[in-house]
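S.K.: Below are the structure tokens for one structure; questions will follow.
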2 protein chains.
Amino acid sequence: MRPAAPALAVRVLEGIGEVRPGDDLVEVILASAGGTLAEGDILVVTSKVVSKAEGRIVRAADREQAITDETVRVVATRAHEGGVTRIVENRLGIVAAAAGVDASNTEDGTVLLLPADPDASARSIAEGLRSRTGHRVGVILSDTLGRPWREGQTDIAIGAAGVHVFDDLRGTTDAAGKPLSVTMPCVADELAAAGDLVKGKARGCPVAVVSGLAHLVGPLDLPGARSIARPAERDLFRLGTDEAMAQGTVAGRTAGYSAGRSIGFAEGFAAALAATERERVHR
Amino acid sequence: MRPAAPALAVRVLEGIGEVRPGDDLVEVILASAGGTLAEGDILVVTSKVVSKAEGRIVRAADREQAITDETVRVVATRAHEGGVTRIVENRLGIVAAAAGVDASNTEDGTVLLLPADPDASARSIAEGLRSRTGHRVGVILSDTLGRPWREGQTDIAIGAAGVHVFDDLRGTTDAAGKPLSVTMPCVADELAAAGDLVKGKARGCPVAVVSGLAHLVGPLDLPGARSIARPAERDLFRLGTDEAMAQGTVAGRTAGYSAGRSIGFAEGFAAALAATERERVHR
């Protein structure tokens, strides 16, 4: 008998109402899951409810300042009818529009910041669920992000605990026996995407449970989603095209100016001498 | 009674052996699925097997030329120990390393090109499956791609037929009643990612079946994955940072040179006149 074909199931937890500052998400999740969590499950939690529980709420009027405060590096800006969107690297190393500061699904007059430390938040949830259920579960915090080159958004992982964020295949071989030197699927982002397929269908359901991928679940001290962020110095797209062109133009202009000025000086000097000489001869 | 919570299931089709040029993928899939396909299923098919079936195979020695042939625009290049990786826009509008020309999971001495028209290939498979099973199914062709800012790869959709590639929420409202003006999840890419979570676990299984998302399945003439590619002129990252800086530097140098040369000429001219004057006075 051959083993059962690999399969996964994703479902949403129902009945999670509005999450408020100070809410204990472990309690909220357990109340909603009602004993259905199982060994090896991976919970994909919309980071927004974590932000709410952690009270990461600011007045909408302070949104631009909040974005500035969350920003460590401006990557690109885009002007549109509503103002200017800033695509920035935030203090978590995540490159995102508006530093992840979000105004949708929030109370009127407020915006939400990302959790202060999403990996730590994920860990605290995973720890609580593990100790309360006795099951080894993993936790992903997800957020919705646009991306270069492709329209639309996908959910990605901004926090993770107790789950491998990469299915590291480097050093293994493909079906033809060739080494897979660079293949390293980012399963944390794929889990976030899978979660969104059901969470998106059921707006207002911020937690999805993925079953069937227990091999991706591990100790709580596995590297978190922070390890997915590529450092700017190793990124070919660390700056928007227009911004990089502008920087290059400034540098080129300075260098060109100085080269042109030397040449021009010599040309001007020679031209003046020639003119003086003509004048002398004609005098 | 409240309705059942939204849920999806993803499984791989087992027993699909090596696919060869000329193979009929509809037959291959039906043989493997053994009557298990159902109304509203979405098949996520690794584009590699489509390339193989379509005979999109070239000699490995011709790989660099093949990449050049598939390229319509170089976006960025990266030098590494093994040579230079070119990140390019290919003729499908997809930005990918090596134009999607792939050497893993291929026979020795060969590389695979992407399908000539992945949306058309997806449509032909979807059409065949629909007419043979009587079920309305959707088809996504997936490929594995790296991305800016984040380490590792995720599977994305390069072809689609009979399935909505976006779950277009623009014009709807969020749970708080605010309009979702830009939210447009790219469910095709999320489906490809979900498929990879089980296909990756079971290397050698190129087809995953997603059940439970029948609301995303539609007519065969829905826009394909081509509609996901963002045109370069609307992309903030249409060129790598180094490439854009280099272009900016050239433009800046030319402008700076010409400005510097005018100033330098005037300065040189004045300096020569002053020197001549001093010489005259001292004579």
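The values are calculated or read from the model by the stated rules, or taken from the named source; none is laboratory data. None of these values were measured; they are calculated from a predicted model. In this analysis, Cβ positions are derived from the backbone assuming ideal geometry, glycine residues included, and neighbour counts consider all displayed protein chains. Just the protein is used for accessible areas: all its heavy atoms, side chains included, with ligands, DNA and RNA removed. Shrake-Rupley method; radii C 1.70, N 1.55, O 1.52, S 1.80 Å.
S.K.: How big, on average over all directions, is the shadow cast by the Cα convex hull of region B:57-115, in nm²?
M.R.: Numbers: hull surface 15.7 nm².
Averaged projected area of region B:57-115's Cα convex hull equals 3.9 nm².
S.K.: DSSP beta bridges in chain A, what fraction antiparallel, as a percent rounded to 5? Before the final figure, lay out each step's value.
M.R.: Values: 34 of 39 bridges.
Bridges in chain A that DSSP calls antiparallel: roughly 85 percent.
S.K.: Let me ask something additional. Am I reading the A/B interface right? What is its buried accessible area, both sides, 1.4 Å probe, to the nearest 100 Å²?
M.R.: On the way: alone 16750 and 16740 Å², together 24510 Å².
Chains A and B together bury approximately 9000 Å².
S.K.: Hey, can you find the accessible area per residue of region B:240-283 for me, probe 1.4 Å, expressed in square angstrom? It would help to have the intermediate numbers written out before the result.
M.R.: On the way: 2660 Å² over 44 residues.
Ligands and nucleic acids excluded, the figure is 60 Å² per residue.
S.K.: Across peptide B:14-27, how many C-beta atoms of other chains are within 10 Å of each residue C-beta, on average?
M.R.: Numbers: counts 5, 2, 0, 0, 2, 0, 0, 0, 0, 0, 0, 0, 0, 0.
For peptide B:14-27, the averaged partner shielding equals 1.
S.K.: In a solvent-free Debye calculation with one equal scatterer on each Cα, what is log10 I(q)/I(0) for region B:32-143 at q = 0.14, 0.22 Å⁻¹, listed in the order of the q values?
M.R.: At q = 0.14, 0.22 Å⁻¹ the computed log10 ratios are -0.64, -1.16.
S.K.: Taking the convex hull of the alpha carbon atoms in region A:43-88, what volume per residue do you get, in Å³? Walk me through the numbers before you get to the answer.
M.R.: Working: hull volume 5.5 nm³, N = 46.
Convex hull of Cα atoms, per residue: 119 Å³.
S.K.: Counting other Cβ atoms within 10 Å, keep those with at most 13, restrict to DSSP loop, and tell me which GluC sites (Glu not before Pro) in region A:2-49 are left. Show your work: numbers first, answer last.
M.R.: Details: sites: A:GLU14, A:GLU18, A:GLU27, A:GLU39; in loops: A:GLU14, A:GLU18, A:GLU39.
Those that pass, being in a loop and sparsely packed, are A:GLU18, A:GLU39.
S.K.: Sorted by packing (mean other beta-carbon atoms within 10 Å per residue), highest first, where do B:104-110, B:52-58, B:184-190 land? Kindly include the intermediate steps, with their values, before the conclusion.
M.R.: On the way: B:104-110: 15.6, B:52-58: 18.7, B:184-190: 26.6.
The peptides rank, most packed first, as B:184-190, B:52-58, B:104-110.
S.K.: While we're looking at this one, here's another question. Order these peptides, A:266-273, B:244-251, by their mean beta-carbon neighbour count within 10 angstrom, highest first.
M.R.: Going by the mean number of other Cβ atoms within 10 Å, highest first, we get B:244-251, A:266-273.
S.K.: I would also like to ask the following. Please give the per residue volume of the convex hull enclosing the alpha carbon atoms of region A:240-283, rounded to a whole number of Å³. Present the calculation step by step, with values, prior to reporting the outcome.
M.R.: On the way: hull volume 2.2 nm³, N = 44.
Each residue corresponds to 50 Å³ of Cα convex hull volume.
S.K.: Based on alpha-carbon atoms only, what is the radius of gyration of the protein assembly as shown relative to the globular estimate 2.2 N^0.38 Å?
M.R.: Details: Rg = 28.7 Å, N = 566, 2.2 N^0.38 = 24.5 Å.
Cα-based Rg divided by the globular estimate yields 1.17.
S.K.: Which whole number gives the average, over all residues in A:101-111, of C-beta atoms from other chains lying within 10 Å of the residue C-beta? Walk me through the numbers before you get to the answer.
M.R.: Values: counts 0, 0, 3, 10, 8, 4, 2, 3, 0, 1, 0.
Mean partner shielding for this stretch: 3.
S.K.: Averaged over every viewing direction, what's the projected area of the C-alpha convex hull for chain A? Give it in nm², one decimal, please.
M.R.: Orientation-averaged projected area of the Cα hull: 25.2 nm².
S.K.: If you don't mind, there's one more thing I want to ask. For the protein assembly as shown, what is the number of Lys pairs with C-alpha distance below 23 angstrom, counting only pairs 8 or more positions apart or on separate chains?
M.R.: Close lysine pairs under the 23 Å cut-off: 17.
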